[in-house]
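The values are calculated or read from the model by the stated rules, or taken from the named source; none is laboratory data. Bear in mind the structure is a predicted one, so any value in this text is a computation, not a measurement. Every residue, glycine among them, receives a Cβ derived from its backbone with ideal geometry; neighbour counts consider all protein chains shown. For accessibility, only protein heavy atoms count, side chains too; no ligands or nucleic acids. Shrake-Rupley method; radii C 1.70, N 1.55, O 1.52, S 1.80 Å.
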Amino acid sequence: MRLRSVYRSSGFILASLILCCICSVNGDYCEVNLCDNGGTCVTGIGQEPFICICAEGFAGDICNTTESGPCSPSPCKNDGECEVIEKSRRGDVFNGYVCKCPSGFEGVNCQINVNDCTNQTCQNGGKCRDLDGDYTCQCPSPYVGKNCQLSCISLLGMETGGIVESQISASSVDFGILGLQRWGPELARLNNQGMVNAWSSAPHDKNPWIEIDLQKKMRLTGIITQGASRIGTAEFIKAFKVASSFDDKVYTIYRNDGQKKDRVSSKVFVGNVDNESTKTNLFDPPIVAQFIRIIPVVCRKACTLRMELIGCELNVLSSAVGCVEPLGMKSRLISDGQISASSVFRTWGIDAFTWLPHFARLDKQGKTNAWSADFNDRSDWLQVDLEKPKRITGIITQGAKDFGVVQFVSGFKIAYSDNGQSWTVIKEQQSNKTDKVFPGNIDNNTHKKNLFEPPFVARFVRFLPWEWHERITLRMELLGCEV
């Protein structure tokens, strides 16, 4: 009986047969794998008792023949480039070919991931983490940059008046003796002088807070607090919590890394011990937000405060060293659990051939090596949760093949969000009303880079397919930097 196989080669891909079967039949695995060289045996496809889906570079009815040449299939791993040479063996030359390894890999077949942390030193106490062909530094606050070489310690303007009165609000105000003194939030400036020189909450306020609207997203690395004196009596905040928000609606209570997300485990900062000395608390990890709220927990006499915020603009990194670092799709710094999608496609309805969201990694190899949507629909999406806000400056996209069929997204939109619920779609710069459609790929393998002008800061990024060839199919990398 004549058996059929599915394999990749330059001229013998049985794509038309596969496509006919996909639409009408769901396959299943053979009870006994009759395919050689790592081939996958599938039954219930077409009229034949089984077909063999051959591994890259193998052919024949049962995958028992190979394509010609030492580079077919390529023995090079990790995107190494295979080059045919004279059949000899010396040094890194082996069996008629040599692998030209990309940066970060070595070995005869580029199979060894070089520990980039050996030669790259993270400064200022940063911890180096080795990635596939790269490294990343986990910087302690207040440091940022590829190697933690930059400081984010600017005074943001409470003391100098750079933060104006309209940006400061509070839950309540104490009007003092006989209501003749107004201890308003606009007075809560570090080292402010005068008889009434600080913010103080009303005596009846059981849940006091003071808030600063920074008018745009900023990186906050610390706070300096100070009390005040009223008629010779020292008043100050002995302990406080910090909350932050992007929209002045949903607030997140600050907690240290590793703390559970509940009210009990929120961090309580140590405040002042008198009315005049200052107390500095650093945020590690730092806070990225537009609104910052100070919540007194323990007060002496009254909740009275003068303060200054410490931090920097979000573009402090990009303006200094460039902000086009791969954020971790290819290197797997972005974990599988951080990637989700509206739907997934299964070739022949077989679970093993599911084009899962976390397969959408740039240059991923394998039989199912990309994300593909179940239905070709403009409502489909792929989402990346970066786990914390990052500055996003661009994207690299790539298509893939489904057993010989070239598939890619030729046009797409980008949306972003701080909370994963409210989304903003990037607009055309000229109109600021029309959604921008970015040009995508023209084949299954070449990279297409698009930069975002201006960049944006967000935790969640969604890829929205708009035009495509055959099926919505994607491999990608996000570009940007820490904020």
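Of a type in the set (Asp, Glu) and more than 18 Å from HIS358 (Cα to Cα): does that describe GLU470?
Against the criterion (of a type in the set (Asp, Glu) and more than 18 Å from HIS358 (Cα to Cα)), GLU470 qualifies.
Output the residue which, of all residues in segment 62-83 that are open to solvent by 60 Å² or more (accessible area, probe 1.4 Å) and modelled with pLDDT of 80 or more, is farthest from PHE403 (Cα to Cα).
Ranking the candidates gives GLU83 first.
Given (1) assigned to a strand (DSSP E or B); (2) buried (at least 20 other Cβ atoms within 10 Å of the Cβ), where does ALA415 come up short, assuming only one miss?
In the conditions (1) assigned to a strand (DSSP E or B); (2) buried (at least 20 other Cβ atoms within 10 Å of the Cβ), ALA415 misses (2) alone.
How many residues are farther than 24 Å from ILE212 by Cβ and part of a loop (DSSP other than H, G, I, E, B) when one looks only at segment 141-186? Working first, answer last.
Keep residues of segment 141-186 that are farther than 24 Å from ILE212 by Cβ, which gives 145-149, 177-180.
Cutting the leftovers down to part of a loop (DSSP other than H, G, I, E, B) gives us 145-149, 180.
Summing the residues that are farther than 24 Å from ILE212 by Cβ and part of a loop (DSSP other than H, G, I, E, B) in segment 141-186 gives 6.
Sort through ILE163, ILE212, ILE153 and tell me the only one that's within 33 Å of the chain's Cα centre (by Cα), at pLDDT 95 or above and either surrounded by 14 or more Cβ atoms within 10 Å (Cβ to Cβ) or of a type outside the set (Ser, Thr, Tyr) (or both). It would help to see each step written out before you state the result.
On the way: ILE163 fails: at pLDDT 95 or above; ILE153 fails: at pLDDT 95 or above.
Matching residue, one of ILE163, ILE212, ILE153: ILE212.
May I ask you to list the residues in segment 270-293 that are surrounded by 16 or more Cβ atoms within 10 Å (Cβ to Cβ) and in a strand (DSSP E or B)?
Once the filter is applied, which keeps residues that are surrounded by 16 or more Cβ atoms within 10 Å (Cβ to Cβ) and in a strand (DSSP E or B), segment 270-293 yields LYS279, ASN281, PHE283, PRO286, ILE287, VAL288, ALA289, GLN290, PHE291, ILE292, ARG293.
So which residues in segment 452-472 are in contact (Cβ under 8 Å) with a residue 40 or more places away in the chain, in a strand (DSSP E or B) and over 17 Å from the mean Cα position of the chain (by Cα)?
Step one: list which residues in segment 452-472 are in contact (Cβ under 8 Å) with a residue 40 or more places away in the chain, which gives 452, 455-472.
Within this subset, residues satisfying the condition of being in a strand (DSSP E or B) are 452, 455-469.
Of everything in segment 452-472, those that are in contact (Cβ under 8 Å) with a residue 40 or more places away in the chain, in a strand (DSSP E or B) and over 17 Å from the mean Cα position of the chain (by Cα) turn out to be PRO465, TRP466, GLU467, TRP468, HIS469.
Out of the residues in segment 231-250 that are more than 27 Å from the chain's Cα centre (by Cα) and aliphatic (A, V, I, L, M), which is modelled with the lowest pLDDT?
Among those residues, the one meeting the criterion is ILE231.
Quick check: is even one residue across segment 252-269 over 29 Å from ASN124 (Cβ atoms), surrounded by 15 or more Cβ atoms within 10 Å (Cβ to Cβ) and at pLDDT below 95?
no
Condition first: open to solvent by less than 20 Å² (accessible area, probe 1.4 Å) and either free of Cβ contacts under 8 Å to residues at least 40 places away in the same chain or not hydrophobic (A, V, I, L, M, F, W, C) (or both). Now tell me which residues in segment 225-234 satisfy that.
THR225, GLN226, GLY227
With the requirement that a residue be assigned to a strand (DSSP E or B) and open to solvent by 10 Å² or more (accessible area, probe 1.4 Å), what does segment 362-385 give you?
GLN383, ASP385
Residue by residue through segment 192-205, note down the ones that are within 20 Å of THR280 (Cα to Cα), touching a strand residue (DSSP E or B) at 6+ places or on another chain (Cβ under 7 Å) and either assigned to a loop (DSSP other than H, G, I, E, B) or without any contact (Cβ under 8 Å) to a residue 12 or more places away in the chain (or both).
Across segment 192-205, the qualifying residues are ASN192, ASN197, ALA198.
Give LYS449, LYS427 a once-over and let me know the one that is out of contact with any His (no Cβ under 7 Å at 6 or more places or on another chain), free of Cβ contacts under 8 Å to residues at least 12 places away in the same chain and either basic (Lys, Arg) or closer than 16 Å to ILE334 by Cβ (or both).
Answer to the selection: LYS427.
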